Each structure stands twice: as structure tokens, then as C-alpha cells.
Amino acid sequence: MDVERVDFINVPTRDATRAFAWYHEVLGLPLDPNNSEELRAGQVTVTFWEPEGEGFEFKPDVGGFAVRVPDVEAAKAELESKGVECAGSGDTGVCNMAVFLDPDGNAVILHRRYAP
């Protein structure tokens with residue numbers, strides 16, 4: 001198999017409208033230029049899925065996904081100024097990271113790699 005790239009990620013939620021607003025207005029992800037009901041994180045489309053509406057159990061994605069930012073501390077401070085609590089942060093020796101949880105408990109990781 002020849003995988004070219006990741007096209008989209010599905011974020012599980014109990015309320016897609018609320019999730020969309022949080023990721024767009026709080027996290028700052030822009031609208032997808034091809035579909036105003038989806039958001040973009042770089043080259044990846046972010047969509048929202050209500051599993052309970054399809055008969056599945058809702059479980060937040062605690063592993064989450066990482067978004068690369070120019071400065072983790074600055075991005076962390078920006079989210080905290082909007083009332084979002086940081087669930088943990090640190091330097092791994094390869095990258096800086098800060099973890100935040102969306103309103104459904106899904107992890108969003110602010111990330112910046114600085115070493116090969």
C-alpha cells in the first residue's frame with residue numbers, strides 16, 4: 001500500500017455543533033475552503049462524529065491528535081487565556097508539548113519538535 005497522506009480525522013463528540021464551535025473559535029482551526037461544515041488543521045480535514053447517533057458508545061479519544069505550533073508556550077498561554085485548562089505539558093528531549101481536552105474530553109496536543 002502506498003499511503004500519500006492523512007486526508008481527515010474524525011473527532012468523536014456528543015454534540016457536533018458545540019465541538020465545531022470549540023475547534024473553530026477556541027482552538028482557531030480555519031474553515032475548510034471546500035466545505036464550510038469541516039475545519040482544517042494544516043493539510044488535514046477535521047470532522048466531527050456523533051457515535052451515539054449511529055448506535056455506538058461514545059468514548060473520548062484520550063490519545064488525541066497533535067497540531068504543530070510555532071511556540072508551544074505561547075499557544076498554551078493563548079488557550080489558557082480563553083479558559084481552557086492544560087491537562088499537562090513538558091519537554092520530551094525531542095519536542096515541547098501541551099495537552100488540552102476539548103469539551104468532550106478528547107485530547108488536543110500542542111506540539112513543536114526541535115530535535116531530529
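Could you give the dipole magnitude of the chain about its Cα centre, charging the beta-carbon of Lys and Arg +1 and that of Asp and Glu -1, in debye to the nearest 20?
420 debye
Please name which of 89, 64, 114 has its Cα lying farthest along the dipole of segment 52-116 towards the positive end, using unit charges on Cβ (Lys, Arg +1; Asp, Glu -1) and the Cα centre as origin.
Checked the options; the winner is 114.
In sequence order, what are the phi-derived ³J(HN,Hα) couplings for segment 89-99 according to the Karplus relation 6.51 cos²θ - 1.76 cosθ + 1.60 with θ = phi - 60°, rounded to whole Hz, with x for glycine and proline?
8, x, 10, 8, x, 10, 8, 9, 9, 9, 10
Any chance you could give the angle, 0 to 90 degrees and rounded to 10, that helix 72-81 forms with the longest Cα principal axis of the chain?
The angle comes out at about 60 degrees.
Tell me the volume per residue, in Å³, of the convex hull enclosing the alpha carbons of segment 38-92.
137 Å³
Taking θ = phi - 60°, what integer Hz values does the Karplus form 6.51 cos²θ - 1.76 cosθ + 1.60 yield along segment 15-25, in sequence order, with x for Gly and Pro?
These are the phi-based 3J(HN,Hα) values: 8, 5, 5, 5, 4, 4, 4, 5, 5, 7, 7 Hz.
Search the structure for amide H atoms under 5 Å from the amide H of residue 32, placed 1.01 Å from N in the peptide plane, and list their residues when 5 or more places away or on another chain.
HN-HN under 5 Å from residue 32: 38, 39, 40.
If amide hydrogens are placed 1.01 Å from N in the peptide plane, which non-local residues have theirs closer than 5 Å to the one on residue 106?
61
Tell me, what ³J(HN,Hα) does each residue in segment 41-57 have, in order and in whole Hz, if you take phi through Karplus 6.51 cos²θ - 1.76 cosθ + 1.60 with θ = phi - 60° and put x for Gly and Pro?
10, x, 8, 9, 7, 10, 10, 10, 10, 9, x, 5, x, 10, x, 9, 6
How far, in nm, would the chain grow between residue 77 and residue 14 when pulled straight, counting 0.36 nm per residue and subtracting the alpha carbon separation?
20.0 nm is the gain from fully extending residue 77 to residue 14.
Given that compact globular proteins tend to follow 2.2 N^0.38 Å, what is the ratio of the alpha-carbon Rg of segment 71-116 to that value?
Cα-based Rg divided by the globular estimate yields 1.14.
What's the longest bit of the chain with no exposed GluC sites (Glu not before Pro), using DSSP loop states and at most 16 other Cβ atoms within 10 Å as the test?
Working: sites that count: 4, 57, 85.
That gives 5-56 as the longest site-free run.
Given a Förster radius of 25 Å and the C-beta distance between residue 58 and residue 89 as r, what FRET efficiency does 1/(1 + (r/R0)^6) yield to the nearest 0.05?
After rounding, the FRET efficiency stands at 0.40.
Using a Förster radius of 41 Å, what is the FRET efficiency between residue 31 and residue 115 based on their Cβ-Cβ separation? Nearest 0.05, please.
On the way: r = 34 Å, r/R0 = 0.82.
E between residue 31 and residue 115, to the nearest 0.05, is 0.75.
So what's segment 1-104 giving for Rg/Rh, alpha carbon basis, Kirkwood Rh from the mean inverse pair distance?
Reported Rg/Rh (Cα atoms, Kirkwood Rh): 0.97.
Sum -39500 (n - 2.57) across every DSSP H segment of at least 4 residues in the chain, then divide by the residue count to get the 222 nm mean residue ellipticity, nearest 500.
Per the formula, -3500 deg cm²/dmol.
Read the figures in this text as sums done on the coordinates, not as results from a lab. The structure displayed is predicted, hence computed values, not measured ones. Note: ideal-geometry Cβ built from the backbone for every residue, glycine included; neighbour counts use all protein chains shown.
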